[in-house]
Amino acid sequence: MLLHHEIDQLNAEYAAALDDRRFEEWPEFFIETGRYTLQARENFDQGLPLALMALESRGMMKDRVYGVTQTIYHGPYYTRHVVSPARVLSQIRNEVCAEAQYAVFRTRPGGAGGGVSEVYNVGRYIDTLVRVEGRLRFKSRLAVYDSEMVLNSLIYPV
Amino acid sequence: MLLHHEIDQLNAEYAAALDDRRFEEWPEFFIETGRYTLQARENFDQGLPLALMALESRGMMKDRVYGVTQTIYHGPYYTRHVVSPARVLSQIRNEVCAEAQYAVFRTRPGGAGGGVSEVYNVGRYIDTLVRVEGRLRFKSRLAVYDSEMVLNSLIYPV
Amino acid sequence: MLLHHEIDQLNAEYAAALDDRRFEEWPEFFIETGRYTLQARENFDQGLPLALMALESRGMMKDRVYGVTQTIYHGPYYTRHVVSPARVLSQIRNEVCAEAQYAVFRTRPGGAGGGVSEVYNVGRYIDTLVRVEGRLRFKSRLAVYDSEMVLNSLIYPV
């Protein structure tokens, strides 16, 4: 139960970091060799490898963050993550497997989309967590989204 | 608090079973004489009996699942449940009453709706739970939804 | 962890009170000198004071509730709050700071909007809580919403 509580806190911190646009903190949720994958459900269900984002180390994540914040030309948008309480699937030694359902809403400020909030990306997180120096971090976070049509400007990690 | 934790886990497992389309597991969340009701808020508030689904045993649920998976002709769609932490209303002997807010998003793959995820059904679960062989199960789950207009293809339980 | 649990319960009760339209209970979630603020993210981020609602005591909240239920002419609508597990930011003596992500869905019954549920207001709660007679209450609840365009009939507190 303590673990369940910790995972919910981690998910809440992760969501807040992204939604507050503290992108530079995002790689810190992972271990150095951590993986982040954002994949359509259709590909995941069929075991296909194609993914919208597949980052295989914290270094790649930092690179992505640099791209997002410094170089990629895009219309900025706000995100808002609402995440259900997680369920713990297994715990073997130091390694925990957990899943959580999420919905991300998008709001484009300044005219585009009229400032209305809309459903952006819904799915589930499939996570492997390890404890490092007393704190849980992602060894792997796989976000599998239902939406086939990803609005063409998906820029930020989910 | 332990109870609260258990209910959140149950809700997460329930949601995952439906969203992963493991429909055959769905009746197992209920006791043998369990009831599942899906009702519009308008009818619920007025005490009217009309409900979109009213299943009064696990047998009826299995029948429904058979219908959903084998016989009902429908355009398949993905669902995604996001459920708030539950609140425990009462606990009398073996029986727990609890409620939780939910939002279900729908994504129709393969063209219809363009693969965009949309708000499908929002409402609250009003639950009576009992412990059977150490595990919580629904004696009754009543899903009361706000949406008046249920998109005509509501096929799967919520 | 107990605290985290209590906050989630409080958030669930708060949401249920509003969504069940028990508006007269809403001020009771605050201390007598409690503050409720509903503010656009744009203003919040820039430190601007403009807010859609800024109520500085329970008395003002009661007044607002009176307005909502008795005097303001408006098309009624249902709300549904889905709130993520909270994260506790700090706890100093009696005072707890916490945040939670929320999404509010709106359903207009009786024709307007066709009874479809739609994303209404998404954002985060930034809360200061104190314990009064053993129960947590809001010293301050600030709801910062992403949506720039607030549908013109935002009547009820979020």
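The values are calculated or read from the model by the stated rules, or taken from the named source; none is laboratory data. This one's a predicted model, so the numbers in the text were calculated from it and none came from an experiment. We place every Cβ from the backbone using ideal geometry, glycine too, and count neighbours over all the protein chains shown.
Exactly one residue among B:Gly134, B:Gly115, B:Gly110 is away from every other protein chain (no Cβ under 12 Å) and free of Cβ contacts under 8 Å to residues at least 12 places away in the same chain, and that residue is B:Gly134. Just one of the numbered conditions (1) within 18 Å of B:Tyr156 (Cβ to Cβ); (2) within 16 Å of the chain's Cα centre (by Cα); (3) within 14 Å of another protein chain (Cβ to nearest Cβ) is not true of B:Arg41: (1). Pull up segment B:22-42, narrow it to residues that are among the hydroxyl-bearing types (Ser, Thr, Tyr) and surrounded by 17 or more Cβ atoms within 10 Å (Cβ to Cβ), then point me to the one that is nearest to B:Phe138 (Cα to Cα). Among those that are among the hydroxyl-bearing types (Ser, Thr, Tyr) and surrounded by 17 or more Cβ atoms within 10 Å (Cβ to Cβ), it is B:Tyr36.
Would you pick out the residues in segment B:122-142 that are farther than 16 Å from B:Glu13 by Cα and either modelled with pLDDT under 90 or buried (at least 23 other Cβ atoms within 10 Å of the Cβ) (or both)? Within segment B:122-142, B:Val122, B:Gly123, B:Arg124 qualify.
The test for being in a helix (DSSP H, G or I) and either surrounded by fewer than 22 Cβ atoms within 10 Å (Cβ to Cβ) or within 16 Å of the chain's Cα centre (by Cα) (or both) holds for A:Ala12. Among the residues of segment C:45-55, is any surrounded by 13 or more Cβ atoms within 10 Å (Cβ to Cβ), touching a residue at least 24 places away in the same chain (Cβ under 8 Å), within 14 Å of the chain's Cα centre (by Cα) and part of a loop (DSSP other than H, G, I, E, B)? Yes, segment C:45-55 contains a residue that is surrounded by 13 or more Cβ atoms within 10 Å (Cβ to Cβ), touching a residue at least 24 places away in the same chain (Cβ under 8 Å), within 14 Å of the chain's Cα centre (by Cα) and part of a loop (DSSP other than H, G, I, E, B). Comparison of B:Met53, B:Met61 shows that the only residue that is among the aliphatic types (A, V, I, L, M) and in contact with a Gly (Cβ under 8 Å, 6 or more places away or on another chain) is B:Met61.
Mind checking which residues of segment B:63-82 are surrounded by 17 or more Cβ atoms within 10 Å (Cβ to Cβ), more than 14 Å from the chain's Cα centre (by Cα) and either at pLDDT 95 or above or assigned to a loop (DSSP other than H, G, I, E, B) (or both)? Within segment B:63-82, just B:Tyr77 meets the criteria.
For every residue, the table says whether it meets (1) in contact with an Asp or Glu (Cβ under 6 Å, 6 or more places away or on another chain); (2) within 14 Å of another protein chain (Cβ to nearest Cβ); (3) modelled with pLDDT of 95 or more.
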residue: C:Arg22; (1), (2), (3): no, yes, yes
residue: C:Trp26; (1), (2), (3): no, no, yes
residue: C:Phe29; (1), (2), (3): no, yes, yes
residue: C:Leu52; (1), (2), (3): no, yes, no
residue: C:Glu56; (1), (2), (3): no, no, yes
residue: C:Met61; (1), (2), (3): no, no, yes
residue: C:Ser84; (1), (2), (3): no, yes, yes
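Of everything in segment A:93-118 that is of a type in the set (A, V, I, L, M) and at pLDDT 95 or above, the residue that is farthest from A:Leu18 (Cα to Cα) is A:Val96.
In segment A:89-107, of all residues being in contact (Cβ under 8 Å) with a residue 24 or more places away in the chain and more than 14 Å from chain C (Cβ to nearest Cβ), the one that is farthest from B:Val119 (Cα to Cα) corresponds to A:Asn94.
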